[in-house]
């Protein structure tokens, strides 16, 4: 894929996991986006499932369009299994709110006042991609 998620972006995701600000599962994400688009910081869509499943591909297209319409950043990643490992490795053991569906993951905003750092990190990452001439739909490689 050429571009890998920067350490800073991974830290944003890891911090959201430890703070319980992660929603996963295509239907739970859609419901959350509909009810709280203003509280959503990032939508992560793995492309490996979408390429093999027409229904997931259509759902991703709709979610992505909704996110763009609501000024929510969208990050496409290379592998749902690596995304699952990244989330589960950093999630609190007491957090039982996750499902086993990692075809979509939302990162919700942190508490008031703490979001500036995460916004700047994501903004820098996406601006760097643009400077490299990469489109917003470019697939990002996750470690693992």
Return the percentage of antiparallel bridges among DSSP beta bridges fully within the chain, rounded to the nearest 5 %.
-> 45
Classify the range 74-144 as rounded, prolate or oblate, taking a ≥ b ≥ c as the square roots of the eigenvalues of its Cα gyration tensor: rounded when a/c is under 1.5, otherwise prolate if a/b is larger than b/c and oblate if not.
-> oblate
By the gyration tensor of its Cα atoms, with a ≥ b ≥ c the square roots of the eigenvalues, what is the shape of the range 50-91: rounded for a/c under 1.5, prolate for a/b over b/c, or oblate?
-> oblate
Length gained if residue 138 through residue 115 is fully extended, taking 0.36 nm per residue and subtracting the Cα-Cα distance, is 5.8 nm
Obtain the radius of gyration and the Kirkwood radius of the chain from its C-alpha atoms and give Rg over Rh.
-> 0.92
Sorted from fewest to most neighbouring beta carbons within 10 Å, what does the list 58, 91 look like?
-> 58, 91
Based on the Cβ-Cβ distance from residue 34 to residue 11, what FRET efficiency comes out when R0 is 25 Å, to the nearest 0.05?
-> 0.30
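Given the DSSP H assignment, sum -39500 (n - 2.57) over each helix run of at least 4 residues in the chain and divide by its residue total; what's the result at 222 nm in deg cm²/dmol, nearest 500?
My calculation for the chain gives -15500 deg cm²/dmol from helical runs alone.
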List the relative contact order of the range 7-138 as a percent without decimals, with contacts defined as Cα pairs under 8 Å and 6+ residues apart.
-> 41
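Only the coordinates and a few stated rules stand behind these numbers; no lab work does. Remember, predicted model here, so these are calculated numbers, not experimental data. Here the Cβ is made from the backbone with ideal geometry for all residues, glycine too, and neighbour counts use every protein chain on show.
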